[in-house]
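**Student:** Input: one structure, supplied below.
Please treat every number below as a calculation from the coordinates, not as lab data. Here the structure is a predicted model, which means the values were calculated and not measured. Cβ sites come from the backbone with ideal geometry, for glycine too, and all protein chains shown count toward neighbours.
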Amino acid sequence: MVTAARAFQLSAPMVKGHLDINALVNCHFKGENTILRDHWIPQFRKAGFNFIFLAVSGDRLSHLGGSERPLHAALEITDMFLSEFEALDDPEVSLVTQRKDLDQVRARVKNEHVAFVLALEGGRPLQSCLGHLRNFYRLGFRYIQLTHDLRNELADGRKEGRTGGGLSRFGRQVVAEANRLGMVLDLSHISHPSFRDAIEMTQGPVMVSHANARAVWDHPRNFDDDELRALADKGGVIGIVYIPRFIGHHFEPIEGVMAHLNHVVSVVGIEHVGIGGLGTDARAIKMFGEANWPYERIAQVLAERPKDIYTETQYEKLIQALFNHGYSENEIRLVLGGNFLRLLEQALR
């Protein structure tokens, strides 16, 4: 029997606000090159996703297959995805690069259409050259996350908070060029001073694709109420993410997501919150155990990875929780994807 929440899940346009590309990359290193066809696309359709914001890692060695050449590695990773994408014989899978792509996917939600939006997660591959940003745009990238926790040529990350460093001169140039090109700016992982600099100067759409509310759980990766208000003043959106160390280990999965979501709504309103990540699958959990990462990093990720949370069932539970908390159907549509899609529509030419 299909519940009302499940029926709503399969009928409303849904956005996964952040998906790391690591699973696809690690499988390619093992000789598997049909991850989209055999695993991701069936999983997304089962969960009811229509838009996947896919992050190509740029800063961390562990996210770049251990490569010391970030530009080379980011391009190689992009080729892995695009090669699989181009090999698909499926008219209901697409890459969003223009406004018309977005409109076409919206019209085909009931066809189980899945569309990808490419992001660069961390600015090291730019190597202090705006031409590289333009080339990533030409490859189809439509948003950029400036940092990944640590300092790069653009800005300080959240783990560099003691330095007090904001955007660099090059970081300011990247923000301006991203605005000009029509790329969404993602401020996940960025330091507080760098966040303030970016928010003050950006003239384009901005988001925090995967983080939570610091007032609910005091973790450095979460954002305080002043930052939430500054983000909302720019029309931005924060994507709530279920990672225990960001959401609070004392919460049950959906309880924790709702606590952070409700707080954001109380501070800045329903128009400024989405879902950055909720749910996983057994293959994704297993992938971390097989990754070519330092043992300590594998142990950390495996320890924090929720093993009792599966995408299609947890989204159904989330939708039911949203109804139970008194949210209307229109408000739930905004949370599930409408708010993120508004930003994307603003950016696309």
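**Student:** Taking loop as defined by DSSP and a crowding limit of 11 other beta carbons within 10 Å, which trypsin sites (Lys or Arg not before Pro) in the range 1-110 fit?
**Tutor:** Lys30
**Student:** Only Cα pairs under 8 Å and at least 6 apart count here; give the relative contact order of the chain as a rounded whole percent.
**Tutor:** In percent, rounded to a whole number, it is 18.
**Student:** Could you give the length gained on full extension between Asp226 and Ala176, defined as 0.36 nm per residue of separation minus the Cα-Cα distance, in nm?
**Tutor:** Result for the pair: 15.7 nm of gain on full extension.
**Student:** What spacing in nm lies between the two simple spin-label points modelled at Lys30 and Ala4, each 7 Å away from Cα in the Cβ direction?
**Tutor:** 4.2 nm
**Student:** If I model a spin label as a point 7 Å beyond the Cα along the Cα-Cβ vector, how far apart are those points for Arg37 and Gln346 in nm?
**Tutor:** 3.9 nm
**Student:** Please label the shape of the range 42-147 as rounded, prolate or oblate, based on the square roots a ≥ b ≥ c of the eigenvalues of the alpha-carbon gyration tensor (a/c under 1.5 means rounded; beyond that, a/b larger than b/c means prolate, else oblate).
**Tutor:** Prolate.
**Student:** Rounded to the nearest 5, what % of DSSP beta bridges with both residues in the range 119-234 are antiparallel?
**Tutor:** Beta bridges within the range 119-234, antiparallel portion: roughly 20 percent.
**Student:** Measure out, as a whole number of angstrom, how far apart the alpha-carbon centroids of the range 27-55 and the range 181-197 sit.
**Tutor:** Their Cα centres are 27 Å away from one another.
**Student:** Helix by helix through the chain, keep the DSSP H runs that span 15 Å or more along the axis on Cα and average at least -0.5 on Kyte-Doolittle, and give those back in order.
**Tutor:** 70-87, 169-181, 253-268
**Student:** Would the chain count as rounded, prolate or oblate if I go by the C-alpha gyration tensor, calling it rounded below 1.5 in a/c and otherwise prolate when a/b exceeds b/c, oblate otherwise?
**Tutor:** rounded
**Student:** Calculate, in nm to one decimal, what His250 and Ser266 gain on full extension: separation in residues at 0.36 nm each, minus their alpha carbon distance.
**Tutor:** Between His250 and Ser266, full extension yields an extra 3.6 nm.
**Student:** In the range 4-347, what % of DSSP beta bridges are antiparallel (nearest 5)?
**Tutor:** 5 percent
**Student:** Return the subset of Lys16/Lys234; Lys46/Lys159; Lys159/Lys234; Lys16/Lys159; Lys16/Lys110; Lys30/Lys317 for which the Cα-Cα distance in this structure is over 27 Å, preserving the input order.
**Tutor:** Over 27 Å Cα-Cα: Lys46/Lys159; Lys30/Lys317.
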